[in-house]
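The values are calculated or read from the model by the stated rules, or taken from the named source; none is laboratory data. For clarity, every value in this text was computed on a predicted model and none was experimentally measured. Note that each Cβ is placed from the backbone with ideal geometry, even for glycine, and that neighbours are counted across all protein chains shown. In case anyone asks, the SASA skips ligands and DNA or RNA and just uses the protein heavy atoms, side chains included. Shrake-Rupley method; radii C 1.70, N 1.55, O 1.52, S 1.80 Å.
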2 protein chains.
Amino acid sequence: MEVAQRIGQTISFETCQEEWNALAGDYEKCLEKNKEYRKTAESYHSQRNACKSQIDRQMKKLKILKESLKKTSSSNEKKELLDKIEERKRSLDEMGKFLPRKNGFYLRLIVGQVNMILDSTADKFRYKDEYEKFKLYCSITTLGFAVALVFFLNHRVFDAMFSFVLLWYYCTLTVRESILIVNGSRIKGWWVMHHYVSVALSGTNVIWGDNEAYREFRPVLMTFSIYQSLVQVMQYYYQSGCLYRLRALGERHDMDLTVEGFQSWMWRGLTFLLPFLFFGHLWQLYNAYKLMTIGIKYNFNEWQVPALALLFFTLFCGNFFTTINVVIQKQKKRIKTKEQ
Amino acid sequence: MEVAQRIGQTISFETCQEEWNALAGDYEKCLEKNKEYRKTAESYHSQRNACKSQIDRQMKKLKILKESLKKTSSSNEKKELLDKIEERKRSLDEMGKFLPRKNGFYLRLIVGQVNMILDSTADKFRYKDEYEKFKLYCSITTLGFAVALVFFLNHRVFDAMFSFVLLWYYCTLTVRESILIVNGSRIKGWWVMHHYVSVALSGTNVIWGDNEAYREFRPVLMTFSIYQSLVQVMQYYYQSGCLYRLRALGERHDMDLTVEGFQSWMWRGLTFLLPFLFFGHLWQLYNAYKLMTIGIKYNFNEWQVPALALLFFTLFCGNFFTTINVVIQKQKKRIKTKEQ
Ligand SMILES: CC(C)(COP(=O)(O)OP(=O)(O)OC[C@H]1O[C@@H](n2cnc3c(N)ncnc32)[C@H](O)[C@@H]1OP(=O)(O)O)[C@@H](O)C(=O)NCCC(=O)NCCS
Ligand SMILES: CC(C)(COP(=O)(O)OP(=O)(O)OC[C@H]1O[C@@H](n2cnc3c(N)ncnc32)[C@H](O)[C@@H]1OP(=O)(O)O)[C@@H](O)C(=O)NCCC(=O)NCCS
């Protein structure tokens, strides 16, 4: 029928009636399948809840046991038992990875109580990949926008639009990262905080009036935005590289060799990236300093100036110390892997 | 053990060891259950996909059949068959309600490709209920904020914060409504558009500088905000009333009586609400007019003024005509129910 229609043949009512009758069988099958599916869905949900509550109960009992155990006098056996408990906890955690969990506060505020747990490792990987790509596209967009602002878009309105875009971008990132976090990502708390601070920064920028002080800071801010977008693009290559390699690792299962290979790849990526990151952090410190000099020059007659300075300083501190911390941790882990 | 711990009894290492051994059995059971669950999950996902593609195929075939049928000469039989096709389509749609669907553009932009389909009618109801409550709480918050702004918060910064809150509120509403829409809600397109326009309006408000023109419009805007929040609270009572009654209807199954009962309840709620709504719409029109007079007075030296006027005018048109349209539709449906 489809073919007949496509080549423009006229179709009689009888043919239609026949087609309709033929479809009846398919429909019956559909109904049946659907019934079966609803049944499976029901047992899926009830099993899921049962698993969830079983694991929760076990976890609770383990916690109590651990507390009691800690109070007993120390011995080799005690240490062994504690290790075993930790091991069991990890195993239960692993099982809980695909079970529903309560959304975090922010996520609940935005989307409400929908189950956000991705159903399989492949889905989780796809979601993270999508998130990294999203960051990449947004970075490229803000890069283009910032360049345009430096060179030919000179009205304050465009600056405000740029700040709005950043505002939207950071808000969206926070939503997506909350989803990643309920799905077991170990994103450091600071990077999420970082986005809230950036939201405040963009918001303050929007309501800074168009005056001399603003125009003095504008070139610094715009070139910083360009630099930051560029660094984010580099970060994308590093982080999606990590992601793909980690997935390959998870699939291959011959641990020892590849873990070391992964770590050396990561290390090379990181040492390439780090100078750019630190330079960016110093630039944030400079922004804070520059804003303070502007504030002094104009006697702090606008609250936006010291507020922005404070926000940039917060960004500097958080970024700088978190990055250092990450590097130290990775270094330690690397030495440990090499020793083994 | 828990009890012993709570009353502060000391627990020996041996007791701990015993408890650990006792837990081993539970753990085994947990493992088993989890394995079973993973299996069910797998068949759940594959059945879900199978159902989905079967329904899609049926839908496609029905579409082709309908097109061909339309081209045949008209007859009573043809009309009958067309009706049957529509009926079948509805039934397939009903089946598709709990199957995954692609997220809309906006939702994909914000949260990415996570399955947002709520799994059961009860879940859908709960989600909608949560959404209505969210609107209520936000309305009460903005009401309080607006009152504070009128009476004692006089700095421009607080106004900007208020606009930011509204901005956030409308963005979040759009996310939640997108989730409702993929879950089969029939929210009219305009109400979603309404939020985008409101976002633009709040955004423009934020970047309107603090000057005479602004201060002339401020009292009008603030009292309007108060009025709007109040109307939204009333709307909450109407819409959550509809929601609860609809659920009761769905559960009871003795259609004829209750449908009419529901409609008469709805009608009474609506006629109570409508004057307040229309007054609000007229106020939006007045805001547009007021902004134009302000614009003329200051020779339109700020683009924000005509932009806001245009946005308020758009809100008025959309709200007014959509509401009228809804009322007419409901009236028709009511007459039809009564005739039956
Ligand atoms: C230092 C850095 C490169 C380390 O990246 P990394 O190797 O992925 O770090 P970790 O191993 O601690 O990552 C743990 C998790 O957090 C995520 N993560 C790390 N940094 C992140 C960031 N800035 N934003 C979002 N997620 C991040 C990782 O993807 C990983 O996720 P997973 O658990 O789902 O696999 C990274 O944190 C970074 O780029 N920070 C600098 C950002 C910055 O300073 N920007 C301003 C420049 S001007
Ligand atoms: C006129 C009105 C009361 C009708 O409400 P209703 O009876 O629920 O309307 P419908 O039957 O068309 O509703 C269809 C669906 O859209 C939803 N809906 C209706 N109006 C909505 C709105 N303004 N925002 C969000 N969702 C809305 C309903 O909840 C329903 O959802 P469902 O399919 O999940 O059950 C309502 O649309 C309304 O309040 N509009 C006026 C808003 C306004 O003008 N505000 C400015 C005041 S100053």
Mind listing the label-point distances from A:LYS133 to the same position on all other copies, shortest first, one decimal in nm, points 7 Å along Cα→Cβ?
3.7
Mind grabbing the accessible area of A:TYR289 for me, 1.4 Å probe, Å², rounded to tens?
140
Roughly what would the spin-label model give for A:SER43 and A:LYS332, points 7 Å off Cα along C-beta, in nm?
4.8
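Work out the FRET efficiency for B:CYS317 and B:LEU153 from their Cβ-Cβ distance, taking R0 = 30 Å, and round it to the nearest 0.05. Let's see the in-between values first.
Details: r = 32 Å, r/R0 = 1.07.
Computed FRET efficiency for B:CYS317 and B:LEU153: 0.40.
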Net charge near B:GLN235: determine it from the other residues with C-beta under 11 Å of the C-beta of B:GLN235, scoring Lys and Arg +1 and Asp and Glu -1.
0
Under the rule of -39500 (n - 2.57) per DSSP H run of 4 or more residues, summed and divided by the residues of the protein assembly as shown, what mean residue ellipticity at 222 nm is obtained, to the nearest 500 deg cm²/dmol?
-30500 deg cm²/dmol
Exposure rule at most 11 other beta-carbon atoms within 10 Å, DSSP loop trypsin sites (Lys or Arg not before Pro): chain A longest free segment
A:187-340
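Under the 0.36 nm per residue contour assumption, what length would be gained going from the current alpha-carbon distance of B:TYR289 and B:THR223 to full extension? Before the final figure, lay out the partial values.
Details: separation 66, 0.36 × 66 = 23.76 nm, distance 1.59 nm.
Value of the extension gain: 22.2 nm.
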Separation between the B:GLU18 and A:THR10 pseudo-spin-labels, each 7 Å from Cα along Cα→Cβ, expressed in nm?
9.3
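As an exercise, find the ratio Rg/Rh for the protein assembly as shown from alpha-carbon atoms, using the Kirkwood inverse-distance average for Rh. Intermediate values should be presented prior to the final figure.
Numbers: Rg = 30.7 Å, Rh = 30.3 Å.
Reported Rg/Rh, Kirkwood definition of Rh: 1.01.
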So which residue, out of A:GLU87, A:GLU216, A:GLU77, gets the largest mean-square fluctuation from a GNM of chain A using Cα contacts under 10 Å as springs?
A:GLU77
Probe 1.4 Å - accessible area at A:ASP56, Å² to nearest ten
80
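Just tell me, in residue order, which DSSP H segments of chain B are both 18 angstrom or longer along the helix axis (alpha-carbon based) and at least 1.0 in mean Kyte-Doolittle hydropathy. Please report the intermediate quantities before stating the final value.
Details: long enough: B:13-71 (85 Å, -1.38); B:76-96 (30 Å, -1.71); B:121-151 (45 Å, 0.07); B:156-182 (40 Å, 1.23); B:189-206 (26 Å, 0.46); B:212-252 (60 Å, -0.21); B:255-297 (60 Å, 0.48); B:304-339 (52 Å, 0.32).
Both cut-offs are met by B:156-182.
So if we plug the beta-carbon distance of B:GLN113 and A:SER74 into 1/(1 + (r/R0)^6) with R0 = 41 Å, what FRET efficiency do we get, rounded to 0.05? Mind showing how you got there, number by number?
On the way: r = 51 Å, r/R0 = 1.25.
So the FRET efficiency works out to roughly 0.20.
If I take R0 = 30 Å and measure r between the Cβ atoms of A:GLU339 and A:ARG90 in this structure, what FRET efficiency does the formula 1/(1 + (r/R0)^6) give, to the nearest 0.05?
After rounding to 0.05, the efficiency reads 0.90.
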Chain B to chain A by rotation: the residue of B with the beta carbon nearest the axis and the rounded distance in Å are B:TYR44, 2
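Quick check: residue separation of A:LYS66 and A:LYS188 times 0.36 nm, minus the Cα distance between them. What number comes out in nm? Numbers along the way, then the final one.
On the way: separation 122, 0.36 × 122 = 43.92 nm, distance 2.68 nm.
Roughly 41.2 nm would be gained on extension.
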Evaluate the distance, in nm, between pseudo-label points positioned 7 Å from the Cα of B:ASP26 and of A:GLU212 along their respective Cα→Cβ axes.
7.3
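Please compute the net charge surrounding B:GLN47, taking Lys and Arg as +1 and Asp and Glu as -1 over other residues with Cβ under 10 Å from its Cβ.
On the way: positive: A:LYS33, A:ARG38, A:LYS39, B:ARG48, B:LYS52; negative: A:GLU36, B:GLU42.
Its environment carries a net charge of +3.
Which of the three applies to chain B, rounded, prolate or oblate, going by the alpha-carbon gyration tensor with a ≥ b ≥ c and a/c under 1.5 meaning rounded?
Details: a/c = 2.12, a/b = 1.20, b/c = 1.77.
Oblate.
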Treating the point 7 Å from Cα along Cα-beta-carbon as the label, what are the nm separations from B:GLN17 to the other copies, to one decimal?
8.6
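Just want to confirm a number: the relative contact order over chain A, from Cα pairs under 8 angstrom separated by 6+ residues, in percent.
Details: 223 pairs, mean separation 51.8, N = 340.
Answer for chain A is 15 percent.
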Quick one: order B:PHE312, B:PHE279 from most to least accessible surface, probe 1.4 Å.
B:PHE279, B:PHE312
Any idea of A:TRP168's accessible area? Nearest 10 Å², probe 1.4 Å.
80
Distances in nm between the label point of A:LYS297 (7 Å along Cα→Cβ) and its equivalents in the other copies, shortest first, are 3.6
Charge context of A:LEU82, other residues only, Cβ under 9 angstrom, K/R +1, D/E -1:
+2
